[in-house]
Amino acid sequence: MKVVNNKVPSIDGKGLMMGRPAYTDDLAERNSLIVKILRSPHPHAKILEIDYSEALKLPGVELVLTHKDFTRKSFTRAGQGYPEPSPYDKFVLDEYVRYIGDEVCCVAAISDKICREALELIKVKYEILEPILDFEKAIDSETIIHPEDGIFEQFPIGFEPKRNIAAAYHMEVGSVEKDLKESEVTLEDSFYTQAQAHVMLEPHTVNARIDYQNRLVLYTSTQTPVHVRRIISQALDIPLSRIRVIKPRVGGGFGGKQHIHGEMFVTTVTLKTGKPSKMVYTREEVFESSYSRHPMRIDVKLGASKDGVLESIDCHILSDTGAYGEHALTVFMVAGSKVLPLYNKVKSVRFYGEVVYTNHTPAGAYRGYGAIQGNFALESAIDMLVEKLGIDPLEFRDKNMIKQHETSPIFAIMGEGTEGTAMTMESCELEYCLHRGRELIGWDDIYPYKQVSKTKRRSVGMAIAMQGSGIPYIDMGSATIKLNDDGFYNLMVGATDIGQGSDTILAQIAAETLQCKIEDMVVYSSDSDLTPFDTGAYASSTTYVSGNAVYKAAKLMREMLIEEASVALKVKPEDIEYDGKTFKANDKTITINDLSNRLYYNEDQKQLVATGSYFGTKSPPPFMAGYVEIEVDTETGEVDIMNYVSVVDCGTTINPMLAKGQVEGGIMQGIGMAMYEEVLYTKKGKLITNDLMNYRIPTRLEVKKLTTEFADSYEESGPYGAKSVGEIGIDTPPAALANAIYNAVGVRLKTLPLTPEKIFMAMKKREEDNNE
Amino acid sequence: MKINVTVNNRERVFDISPDEYLLDTLREHGFLSVKRGCDNSSCGVCTVLLDNKPVASCTLLTIKTEGCHITTVEGISKDAEKLSEHMGDEGADQCGFCNPSLALTMYALKQENPHPTDDEIKKYLVGNLCRCTGYQSQVISIRKCLEDDE
């Protein structure tokens, strides 16, 4: 292969470095109205009255919108397969507010300053309602967060709003209770994960205008343009055909731009005023009023035989979806479906629980959703179990984990909100990942720890993980390739590059198939008027699903070229050899440049366009082993991360450098969740960690070294053997770090993040317990 | 009110209000390479050089820049282009939102310390957050870019 599996720089790197206008706000109309939202200061209240007369008197204020301006119609902001497995529990504006930061009303004005002044002039009377701020007390609470009429589930997801349950699920293979009773060694514990924030550097941004054909044009920083178009059309009763959604360059997403945010407001403002409008979230709004990761309590029970065979896994989860149930069920499901199959040899496995409403910032999609939470619990619990068994943690995993050509019943049972799809692991190099990671981290030299100074211990910890490659039978990608005169191509994809480099790797797949230079494959992504359908960038789908669509389109284009060359050369198509530059048959030749010029200017004129589309019939998981080496200060509980080793099986790496970037970026976000990203609320339910001073993402200094390698692997069903790689990196750090901390100082932390304070207090408590 | 500044070596007169921040002034006048990521100088994407020192333009009142030289990435395009080549080689490009600010901060570092160690690079750029990469590929790119000048 010449282009695929080769080091190709991002096709857009230079232009973005030079600061060329590319992002949503760079492309707003210069005279756009500024749209802002008045947000609730109460976690739970009923709006009795909104007096905005003073705001309207302010010169420059164009419009104020309240819930009375909208037809009451519920929808979900979650951008996912349609009909959605998320409850329709959201109104554009409502007479209830359900968290601090929820939308009360919307103002449009000619400047940012006037808009902010207008917000101050609006007087709102509230009936304050009792909030639910502890998710473990939500079910059957006297407070009902969604008592209103007109909300519903699209198909059964366990939606019981009167009990504050957004979704619920139960499945069992074999008999967990019986097997756990009979197991020689058991373990039972609970783990807590926090509401991690995405912190993509470009805040949520959208702008709207009406074009010369009287159509609504939205530029929006989104991962899911077609879902945005559909949700707006449904919720605001605008014909789909009148809406054009353009996704320009996106400054990071990580799942945070998989829902709609300001789209409803700018659309309404622009349609009502006829003027362009724009909305850029403040960083505070990004933290408080978009959404974050679902916090969870995960109750795990494990049963094993004395000789180290894992026999049974029981997993109950209580998940907190905050004020609205976006992705409530699907995130929950992934905590089982992309975690439990790792240990596929068990006799029985049960997965069940509830997703509850609270009066906190909503939760939603975030890279590795569900998987990172479930992985932290299971991979911590496995280490706790092996300690009881007195067996080496790597040996235990090697013996019990999933391997190539094996399967798990869970694949068929659990999908994303619906049933799953049975599959066998055609490509699985987890064994290699486990052993190679052991070498790279120097496990045998350090495990469990080494005393490096009077107060410092060096230790290692690890975890294994799996993800998926798109959602089978649901996610669809497509691509159109157009031949131009002089023999270069346009590749038009609905797939959304949000910074992960998909424009580059999709161009590589097309260029490899058509044997052209990457410069001759001009990529455009994405515009709902111009690019073919693609569900969007989520669920690790782009490389596998959209990549397969590109491959199919390119294959088709190649066949069309050969057909046309055979006409031009007056030979049979099967006699033609093509090397990407010249078509040859016997002694006759024509170059691609001449053939395309002939097609467009001279003879047998016609446009060549090829479209391919693809949906997965399975979701081949990428796998990885993550190993971390840390140094713990035994006096303070401080942890230095010396090295994080990732050995990843994602099939063929279409672009090894960009794949590495995906893994390392995921690792760093996982480390952030594991160690630093504390989420704090006041007692009244106000988010304290609502800016980058209080919410600490990793800077350049925290992690000393990242070591990333890929296993030699080939997935037959993937484009050129590839699987997806966008999420797998984020999964292992919480468990690997918790395990490393335990190996260093013997304290087991079960609540994220693993702060020095928690480590110190746990060490202190253990000392006191020992003294008693 | 009017203010006189030099942006990328060209003299400009901006009509501003006294409570306006430099980030808003620059974006208003078409310098769209300067990005907004937060509002309290904690992410670094709004970095510009003020008389060759990196500053966060989101919290700097424009009125305080009277007579100053302001540099955006367009003013150091050669250095930015070179950094971009190294970042391409290292696979360090992702969403690109922080890229112009990286180039500007690297340029300022070069003036102060042309031969920094990796630790010095990390410390100098600690205020430039990135959520996409693991940082390592950026640091290697910056080091290699500075080595080119030797």
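The values are calculated or read from the model by the stated rules, or taken from the named source; none is laboratory data. All figures in this text were calculated on a predicted structure; none of them were measured in a lab. Methodologically, a virtual Cβ is constructed for each residue, glycine included, from the backbone with ideal geometry; neighbour enumeration extends over all protein chains shown. All accessible areas refer to the heavy atoms of the entire protein, side chains included, with ligands and DNA or RNA removed. Shrake-Rupley method; radii C 1.70, N 1.55, O 1.52, S 1.80 Å.
Work out the FRET efficiency for A:ASN586 and A:ILE139 from their Cβ-Cβ distance, taking R0 = 60 Å, and round it to the nearest 0.05. The computed FRET efficiency comes out at 0.20.
In percent, rounded to a whole number, the relative contact order of segment B:75-148 is 47, using alpha-carbon pairs under 8 Å and six or more apart.
As an exercise, identify the GluC sites (Glu not before Pro) in segment A:13-88 lying in DSSP coil whose Cβ has no more than 10 other Cβ atoms within 10 Å. Don't jump to the answer; show the numbers that get you there.
On the way: sites: A:GLU29, A:GLU49, A:GLU54, A:GLU62; in loops: A:GLU29.
Passing sites in segment A:13-88 do not exist.
Shielding of peptide A:250-262 by partners, expressed as the average count of other chain Cβ atoms within 10 Å per residue Cβ, is 2. For A:PHE583, nonlocal amide neighbours, meaning residues 5 or more places apart or on other chains whose placed amide H falls under 5 Å from its own, are A:ILE590, A:THR591, A:ILE592. Going 7 Å from the Cα of A:ARG242 toward and past its Cβ, which residues in segment A:60-84 have a backbone nitrogen under 11 Å from where you end up? Zone members listed by number: none at all. For the listed peptides A:530-537, A:437-444, a ranking on the average number of other beta carbons within 10 Å per residue, highest first, reads A:530-537, A:437-444.
Residues of segment A:17-57 that lose at least 30 Å² of accessible area (1.4 Å probe, protein heavy atoms only) when the other protein chains are present, relative to their chain alone, are A:MET17, A:MET18, A:GLY19, A:TYR23, A:ASP26, A:ARG30. Across the accessible surface of segment A:476-615, with the other protein chains kept in place and a 1.4 Å probe, carbon and sulfur atoms take up 49 percent.
Placing pseudo-labels 7 Å out from each Cα toward the beta carbon at A:ASP149 and A:LYS764 gives an inter-label distance of 5.6 nm. Averaging 1/r over every pair of different alpha carbons in chain B and inverting the result gives a Kirkwood radius of 15.6 Å. The string of couplings for segment B:112-125 from the Karplus curve (6.51, -1.76, 1.60, θ = phi - 60°) is 7, 8, x, 10, x, 7, 4, 5, 5, 4, 4, 5, 5, 9 Hz, one whole number per residue in order, with x for Gly and Pro. Close amide H pairs (under 5 Å, H built 1.01 Å from N) link A:SER290 with no residue at least 5 positions away or on another chain.
Beyond a 29 Å Cα-Cα separation, which of these cross-linked pairs lie in this structure: A:LYS178/A:LYS765; A:LYS338/A:LYS660; A:LYS683/A:LYS705; A:LYS125/A:LYS257; A:LYS723/B:LYS78; A:LYS705/B:LYS144? With Cα atoms farther than 29 Å apart: A:LYS178/A:LYS765; A:LYS683/A:LYS705; A:LYS125/A:LYS257; A:LYS723/B:LYS78.
Summarising the amide proton neighbourhood of A:THR751: residues at separation of 5 or more, or on other chains, whose placed amide H is nearer than 5 Å comprise A:TYR192. The spread of Cα positions in the protein assembly as shown, taken along each principal axis and listed from longest to shortest, comes to 83, 83, 61 Å. Bridgeable aspartates and glutamates around A:LYS764 (alpha carbons under 15 Å apart, same-chain partners fewer than 8 residues away excluded): A:ASP633, A:GLU635, A:GLU638, A:GLU772. About the centre of its Cα atoms, segment A:476-615 shows a dipole size close to 240 debye [charges on the beta carbon of Lys, Arg (+1) and Asp, Glu (-1) only; nearest 20 debye].
Per-residue packing, averaged as other Cβ atoms within 10 Å, sorts the ranges A:321-327, A:93-99, B:112-118 into the order A:321-327, A:93-99, B:112-118, beginning with the highest. Can you give me the C-alpha center-to-center distance between segment A:129-196 and segment A:495-549, rounded to a whole angstrom? About 38 Å separates the Cα centre of segment A:129-196 from the one of segment A:495-549. By the rule of a C-alpha distance below 24 Å, with chain neighbours fewer than 8 residues away ignored, the lysines paired with A:LYS181 are A:LYS301, A:LYS306, A:LYS345, A:LYS347, A:LYS388, A:LYS399. The accessible surface of segment B:75-148, taken with every protein chain in place and a 1.4 Å probe, is 45 percent carbon and sulfur.
Interface burial in segment B:106-141, defined as at least 30 Å² less accessible area with all protein chains than with the chain alone at a 1.4 Å probe, covers B:LYS122, B:VAL126, B:LEU129, B:ARG131, B:CYS132, B:GLY134, B:TYR135, B:GLN136.
Per-atom-type breakdown for segment A:732-772 gives carbon and sulfur 49% of the accessible area (1.4 Å probe, protein chains only). Calculated [222 nm] ellipticity per residue, helices only, for chain A: -8000 deg cm²/dmol; basis is -39500 (n - 2.57) per DSSP H run with n ≥ 4, divided by all residues, nearest 500.
Computed over protein heavy atoms with a 1.4 angstrom probe, the accessible surface ordering of A:ASP587, A:ASP26, B:ASP119, A:ASP134, largest first, is A:ASP587, B:ASP119, A:ASP134, A:ASP26.
With both labels modelled 7 Å from their Cα along Cα-to-Cβ, the A:GLU184 to A:ASP392 distance reads 2.0 nm. Normalising the average separation of contacting C-alpha pairs (under 8 angstrom, six or more residues apart) by the number of residues puts the relative contact order of chain B at 23 percent. Since only A:VAL280, A:GLY364, A:THR755 are under comparison, the one whose Cα sits farthest along the positive direction of the charge dipole of the protein assembly as shown, derived from C-beta charges on Lys, Arg, Asp and Glu, is A:VAL280. Before we go on, tell me the buried accessible area for the A/B pair, both chains summed, 1.4 Å probe, in Å² to the nearest 100. About 4300 Å² of accessible surface is lost on pairing. May I ask you to list the lysines whose Cα is less than 21 Å away from that of A:LYS162, ignoring any residue fewer than eight positions away on the same chain? Partners within reach: A:LYS46, A:LYS73, A:LYS90, A:LYS137.
Structural descriptor for chain A: relative contact order 15 percent, calculated from alpha carbon pairs under 8 angstrom and at least 6 residues apart. For the peptide B:29-39, the mean number of other protein chain Cβ atoms found within 10 angstrom of a residue's Cβ is 6. If a spin label sat at a point 7 angstrom from the Cα of A:LYS450 along the line to its beta carbon, the backbone N atoms of segment A:612-655 nearer than 19 Å would be those of A:627-634, A:639-646. Computed 3J(HN,Hα) for segment A:242-254, one whole-Hz value per residue from the Karplus formula 6.51 cos²θ - 1.76 cosθ + 1.60 where θ = phi - 60°, is 8, 10, 10, 10, 10, 9, x, 4, 10, x, x, x, 6, glycine and proline marked x. Of the listed residues A:LYS36, A:LYS683, the order by accessible area with a 1.4 Å probe, largest first, is A:LYS683, A:LYS36.
Across segment A:696-708, coupling constants 3J(HN,Hα) worked out from phi with the 6.51/-1.76/1.60 Karplus curve, θ = phi - 60°, read 9, 7, x, 9, 5, 8, 5, 9, 6, 8, 10, 10, 10 Hz, and Gly and Pro carry x.
Taking a point 7 Å out from the Cα of A:LYS555 in the direction of its Cβ, the residues of segment A:576-591 whose backbone N falls within less than 20 Å of it are A:576-580. According to the square roots a ≥ b ≥ c of the eigenvalues of the Cα gyration tensor, what is the shape class of segment A:130-172, taking rounded for a/c under 1.5, prolate for a/b larger than b/c otherwise, and oblate for the remainder? Oblate is the answer for segment A:130-172, as a/c is 1.5 or above yet b/c matches or exceeds a/b.
Pull out a ≥ b ≥ c, the square roots of the eigenvalues of the alpha-carbon gyration tensor of segment A:357-462, then state rounded if a/c is under 1.5, prolate if not and a/b is larger than b/c, and oblate in the remaining case. It is oblate, given that a/c is not under 1.5 and a/b is not larger than b/c.
Surface exposure of segment A:171-211, expressed per residue as accessible area with a 1.4 Å probe, stands at 37 Å².
For the protein assembly as shown, the residue among A:SER10, A:ASN548, A:PRO656 whose Cα projects farthest onto the positive side of the dipole built from Cβ charges is A:SER10. In this rough spin-label picture, where each label sits 7 Å from Cα along the Cβ direction, the B:HIS69-A:THR682 distance is 4.7 nm.
Simple rule: put +1 on each Lys or Arg Cβ and -1 on each Asp or Glu Cβ in segment B:75-148, find the dipole, and look at B:GLN138, B:VAL126, B:HIS115; the Cα lying farthest toward the positive end is B:VAL126. For the pair A:LEU48 and A:GLN607 in one chain, pulling the backbone fully straight at 0.36 nm per residue adds 195.1 nm over the alpha carbon distance.
For the segment B:40-47, counting C-beta atoms of other chains within 10 Å of every residue's C-beta and taking the mean gives 3.
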